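Here the structure comes first, spelled out in structure tokens, and everything after it is commentary.
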Amino acid sequence: MRKYIRIWTQLTKPRVTTLVLVTALPGLYLGPEIAPEISLVLWTLLGTFFMSSASFVFNQIIERDKDAQMERTKKRPLPMGQISVGGAFAGGMILVFLSFLVFIRYVNLLSALSAFGGLLSYVFLYTIWLKPRTDQNIVIGGIAGCVGPLIGYAATTNSLPLPAWILFCIIFFWTPAHFWALAIFLKEDYGTANFPMMPVLRGISATTIQIYFYTILYVLSCISFYFATDRIGLLYLITTSALCLYMVYLAHRLWRVQTKEMAKSFFFFSIFHLFFVNLAILADFTLQWR
């Protein structure tokens, strides 16, 4: 039993999915006039978890041969033969079915379609079409990771208002900077698997400039969210701005030193930063409206 839990944990990447769940929370609470029922929040997060998990399963099915060539991924269940392609595919489809069942039964259709759109984008737009063909793969393909806010707003308002799209843009601009930092310290691995990631094709220097550029856009979008809604206050603006300045500093430092160690530091801080931005929204909202 422990073996199957380990296999499906590796296939579904629950730690990555947690970040998607966190990005859905602001929309769940900022969208409606009154706080949503806790049951609605939990059902929405469960449906999102199932759909996000399914997208990672299908991604690993498609990339199983490439994964076998990379040091970081060669011990995943599919390259190791610990589960068959058919078994993984069946599991992925069950997760999609469960996600739709949860959304349609306990939330609404718009939230289901938002989540499913993220899956389609990740599997077809990113994994199949863009990732093997262009170093801009994560820019457009990153749309898949931006659907959390849309799901949250859709669940509680059955609409996708402007603040939802600004939160969408925050993640959209965060994604290239975050993943290109990862690609810098995994450059050899991506090169071995012939993935056209930016550090492989254009070099680390050009990549750090792009990371700097997208970090600026990300920071501006974080700050602009304060002006897009009247449901958060200065706590969010001040704390987020301070951490945004530090993230810009790290991007600048990475551009200057261009080392894998600095890329790793930026990568992990970017994860913390996105978590913090979403939690700061919730904290500010709670303090104002309690």
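All of the numbers you see were taken from the coordinates with simple rules; none came from a lab. Keep in mind that this is a model prediction, so the values were computed, not measured. Methodologically, a virtual Cβ is constructed for each residue, glycine included, from the backbone with ideal geometry; neighbour enumeration extends over all protein chains shown.
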_Exposure proxy order (Cβ contacts within 10 Å, fewest to most) of 248, 139_ = 248, 139
*Longest segment of the chain with no GluC sites (Glu not before Pro) in a DSSP loop having at most 13 other Cβ atoms within 10 Å?*
72-290
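Taking the convex hull of the Cα atoms, report for segment 100-235 its projected area averaged over all directions, in nm². Don't skip to the answer; put the middle values down first.
Working: hull surface 38.1 nm².
The orientation-averaged projected area of the Cα hull of segment 100-235 comes to 9.5 nm².
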*Stretchable slack from residue 128 to residue 3, in nm (0.36 nm times residue separation minus alpha-carbon distance)*: 42.1 nm
*Of 104, 34, 94, which has the largest mean-square fluctuation in a 10 Å C-alpha GNM of the chain?*
34
*asked:* Taking just the alpha carbons, could you work out the radius of gyration and Dmax for segment 176-262, both in angstroms?
replied: 15.5, 49
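Mean residue ellipticity at 222 nm from the helices of the chain, using -39,500 (n - 2.57) per DSSP H segment of n ≥ 4 over the full residue count, to the nearest 500 deg cm²/dmol? Numbers along the way, then the final one.
Numbers: 14 runs with 221 residues, N = 290.
That calculation yields -25000 deg cm²/dmol at 222 nm.
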*Can you name the helices of the chain, as whole DSSP H runs, whose Cα span along the helix axis is 27 Å or more and whose Kyte-Doolittle mean is not below 0.5?*
38-62, 85-106, 162-185, 204-228, 234-257, 260-289
*Neighbour-count ranking [beta-carbon atoms within 10 angstrom, fewest first] of 75, 3, 260*: 3, 75, 260
*Compare 134, 12, 156 in a GNM of the chain, Cα atoms joined below 10 Å, and give the one with the largest fluctuation.*
134
*Among 153, 190, what is the fewest-to-most ranking by other Cβ atoms within 10 Å?*
190, 153
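How many percent of Cα pairs in segment 32-171 exceed 28 Å?
Details: 2355 of 9730 pairs.
Tail of P(r) above 28 Å: 24 percent of Cα pairs.
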